[in-house]
Amino acid sequence: MPPWRAFVLFEYYDQNKNVLIFQTASGELSVEKSDNLLSMNFPARPPVNIKPPEILTQALGVKPSFVLESRDLLAVFEDEKTVQSMKPDFKTIKKIKSYFAVIVSAPGKHSDFVSRFFAPNAGLNEDPVTGSAHCTLIPYWAKRLNKNKLHAFQLSGRKGEIFCEYLGDRVRISGHSTLFAKGEIYI
């Protein structure tokens with residue numbers, strides 16, 4: 001469920017509500033509005049260490065420090081610059097069929113961690129800001145940094161700032177929403 005739907009409903013349908021509940025294919029999803037942030041609550045997907053597929057380094061162009069798995073592959077690097085400057089080979093990533101996507105992440109310079117999300121098998125080479133990836137990232141970084149409240153940036157071309165909270169079996173993902181287009185249809 002794209003968060004823009006909740007933003008539109010909060011801003012233009014019922015400005016007095018601060019919680020919306022959506023029925024989705026994976027169950028109920030609540031979206032809460034607090035000040036200028038929209039927050040969603042998802043199941044956590046803690047990743048586990050694995051031996052990386054041999055093709056992964058070729059696909060990313062850089063060898064990760066280590067690799068974990070959940071629904072997605074999570075390749076962890078030592079620094080933000082490596083994640084930012086990465087030029088993945090999407091045709092090669094498509095050959096990694098056992099996972100929905102590949103997440104790359106590293107400690108951030110001005111945040112707890114940074115990430116990017118590549119999902120060419122789902123028809124999207126790079127997603128600009130990915131809530132579902134943070135279902136894996138938040139448990140990983142919460143454990144690694146020994147803290148439950150985290151601040152993150154997704155380093156896609158559009159970039160996104162994410163405020164994260166690890167709640168054990170769930171994660172809370174929050175971010176700002178902005179209206180970028182408005183139109184009218186006359187019939």
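Just so it is clear, none of the values below were taken in a lab; they were calculated from the coordinates. On a predicted model such as this, the values are computed, not experimentally measured, just so you know. Note that we place each Cβ from the backbone using ideal geometry, even for glycine, and neighbour counts take in every protein chain shown.
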How many nm separate the modelled label positions at K63 and V48, each set 7 Å beyond the Cα in the direction of the Cβ?
2.6 nm
Taking r as the C-beta separation of D169 and E78 and R0 as 22 Å, the FRET efficiency to the nearest 0.05 is 0.15
How large is the helix-only mean residue ellipticity at 222 nm for the chain, computed as the sum of -39500 (n - 2.57) over DSSP H runs with n ≥ 4, divided by its residue count, in deg cm²/dmol to the nearest 500?
-4500 deg cm²/dmol
If I stretch the segment between S111 and R71 completely, what's the gain in nm (0.36 nm per residue apart, minus their alpha carbon distance), one decimal?
11.9 nm
Tell me, what ³J(HN,Hα) does each residue in the range 150-166 have, in order and in whole Hz, if you take phi through Karplus 6.51 cos²θ - 1.76 cosθ + 1.60 with θ = phi - 60° and put x for Gly and Pro?
10, 10, 9, 10, 9, 9, 5, x, 7, 6, x, 9, 10, 9, 10, 9, 8
Considering amide H positions built from the backbone, and no H for Pro or chain starts, which residues 5 or more places from L167, or on another chain, come under 5 Å of its amide H?
R172
Longest site-free stretch - the chain; sites: GluC sites (Glu not before Pro), DSSP loop, at most 15 other Cβ within 10 Å:
79-183
What whole number of Å gives the distance from the Cα centroid of the range 166-187 to the Cα centroid of the range 99-118?
20 Å
Provide the three semi-axes, in whole Å and in decreasing order, of the ellipsoid equivalent to the range 42-173 as defined by the square roots of 5 times the Cα gyration tensor eigenvalues.
21, 15, 14
Cα long-axis angle, helix 134-145 against the chain (0 to 90 degrees, to the nearest 10):
60 degrees
Alpha carbon centroid spacing (whole Å) that separates the range 131-153 from the range 73-92
18 Å
